[in-house]
Amino acid sequence: MNCRRMEDLIPLYVGGDLAGDANDAASSHLSRCPRCNQLAVEYEESRQWLRMNGAPSLDTVFFESLKRATMIDIERLSEQRTLFGSIIRDWNGPAVLVAAALVVFFIGGAALFYYYGVKRSLQHSVVASGPAENPIERRTPDNNARDMSKSRNERASVSRMTARSAIVASLQPGDFAQSDPLDEPGTDYSSNQFASEVEAVPGLEPVAAEPAPDDTMRDLLRIEIQTSDPSIRIIWFVPREDEARPPKSTLSSH
Amino acid sequence: MTGEVADIALMTDGPRLDQRSDEWRRSSLTATIARAQAGDKAAFEEIIAYYQRRVAWTAWRMLGNEDDARDAAQETSLRAYKYLHRFDQQRDFSGWLYRVVVNVCRDIARKRPSGRIFASLEEEMELGHTDALAASDDVEAAAIASQENRIVADALGTLSRKEREAIVLRDLEGLSTDEVARMLGTSQATVRSQISSARVKIKRYHDRLLRRRRQR
């Protein structure tokens, strides 16, 4: 080992930071090189100077005041600790499991509540607009075709009620009668003329004019008007004997 | 950490700990830390009393003045209190605390407007601080010691932050190269390199100081 290489190693050698072989080589060189040996002595002196004076003269008062100030800070910190902070601090395995179970329970509950709420709402809508729910409606080819068309509409808007249908639903039989051209004498309620006239009312669609289905209502003529909303159908019955004016009008909302 | 408790005991205020065996101190310290982790403030106060001198000295060596050392020691205790629940008792508490001190000192040094915490030797000589020391041979020993402290702080100030951290932990705190590497989060080779370059700079500072004194 030459002196140039040794100069690089002396700072580590004096602190005992050289590994086995390098340390032995450095010791060997220093034992026969007075110049490098002198350099090592100077390094050791500076190191000792640093160590001897590196401990600051901090007095007892300094440490007492430091301790007091620290404890005051700690007291303040303890008071500021929130409930959440305590939970985080005391976090452990069982606590994690319980918290996870609670979260799953609440999320699951909310999801079920939402699911059944939507399902119930759908059922109500379908029941309200379903053709089979009308006990006195008879299945005819016309009805079937109409219901197929209606079901397509229902799929598109099951529970939606448009503004127009709301208006039609709010109409009372009397309201119709007042503006109805059937008030005029001689009008044939059982003919398609009635339906074509009613069709002129926006949102109303004549469906059928047919005899009443059962015995008790054999003498009545049943008239249906399908509004633009599939869930609303206007039905009324007209006595065959007295064809002057419709005696009863019912507003059926399915 | 080899001889850790014995070293610490010598630095603590009370003679009580010095008179007992290392084993007793070790088990007592472990129990005290466990109590502090459970929220016992009195136990934590005991720990502070046990370590505060060492913490303050390290901070002073890192930062170079008493005020910053006080702030750093206080902040270190506070952080230790905050995060004590995270400390794994299987590990070395002293090493954990050293890491906290080093981080606190870094934060404090970073907040300084100049970014540098010490003056260089040249600046010190221009300011006449070393002359004052040379001229104070006849003053009281305590004053001389205090001034030597100041000079050492200045000498440490000529080092880069990483060199200073390495030399303080290795030469002044007496930790092994391996421990220093772990605390600073670096390799032993890097620490050796930093220590070597720090010793060269300290020697250069010391040589110039001695030359200055001889000239007077």
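The values are calculated or read from the model by the stated rules, or taken from the named source; none is laboratory data. This is a predicted model, so every value here is computed, not measured. For neighbour counting, all protein chains shown are included, and Cβ atoms are generated from backbone atoms with ideal geometry for every residue, glycine included.
Conditions (1) in a loop (DSSP other than H, G, I, E, B); (2) at pLDDT below 85; (3) within 14 Å of chain B (Cβ to nearest Cβ); (4) touching a Pro at 6+ places or on another chain (Cβ under 8 Å), marked per residue:
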site	(1), (2), (3), (4)
A:Val61	no, yes, yes, no
A:Ile72	no, no, yes, no
A:Glu79	no, yes, yes, no
A:Trp91	yes, yes, yes, no
A:Leu102	no, no, no, no
A:Phe105	no, no, no, no
A:Ala111	no, no, no, no
A:Lys119	no, yes, no, no
A:Gln123	no, yes, no, no
Tell me, please, whether a residue that is part of a helix (DSSP H, G or I), within 9 Å of chain B (Cβ to nearest Cβ) and at pLDDT below 85 can be found in the range A:45-59.
yes
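Just to be sure I understand, how many residues within the range B:27-62 are touching a Pro at 6+ places or on another chain (Cβ under 7 Å) and outside any helix (DSSP H, G or I)?
Taking the range B:27-62 as the starting set, the residues that turn out to be touching a Pro at 6+ places or on another chain (Cβ under 7 Å) are B:57, B:60.
Pick out the ones that are also outside any helix (DSSP H, G or I) and you get none.
Matching residues across the range B:27-62 total 0.
Here's a check for you: in the range B:62-86, which residue that is among the aliphatic types (A, V, I, L, M) and at the interface with chain A (Cβ under 10 Å from one of its Cβ atoms) is nearest to B:Arg110 (Cα to Cα)? Steps first, please.
So the first thing to find is which residues in the range B:62-86 are among the aliphatic types (A, V, I, L, M), and the list is B:62-63, B:69, B:72-73, B:78, B:80, B:84.
Now restrict to residues that are at the interface with chain A (Cβ under 10 Å from one of its Cβ atoms): B:69, B:73, B:78, B:80, B:84.
Details: B:Ala69: 14, B:Ala73: 16, B:Leu78: 19, B:Ala80: 20, B:Leu84: 25 Å.
Among those that are among the aliphatic types (A, V, I, L, M) and at the interface with chain A (Cβ under 10 Å from one of its Cβ atoms), it is B:Ala69.
Pull up the range B:198-216, narrow it to residues that are under 19 Å from the mean Cα position of the chain (by Cα) and facing another protein chain (nearest Cβ under 9 Å), then point me to the one that is farthest from A:Leu12 (Cα to Cα).
Initial filter on the range B:198-216 (under 19 Å from the mean Cα position of the chain (by Cα)): B:198-199, B:201-202.
Among the residues that remain, those that are also facing another protein chain (nearest Cβ under 9 Å) are: B:198-199, B:202.
Working: B:Ala198: 10, B:Arg199: 8, B:Ile202: 13 Å.
So the residue we want is B:Ile202.
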B:Thr190: among the hydroxyl-bearing types (Ser, Thr, Tyr), assigned to a helix (DSSP H, G or I), surrounded by fewer than 21 Cβ atoms within 10 Å (Cβ to Cβ) and more than 11 Å from chain A (Cβ to nearest Cβ), yes or no?
yes
How many of the residues making up the range B:69-110 are in a helix (DSSP H, G or I), under 27 Å from B:Thr177 (Cβ atoms) and touching a residue at least 40 places away in the same chain (Cβ under 8 Å)?
13
Evaluate the range A:18-35: report whether one residue or more is within 14 Å of chain B (Cβ to nearest Cβ), closer than 30 Å to B:Ala69 by Cα and without any contact (Cβ under 8 Å) to a residue 24 or more places away in the chain.
no
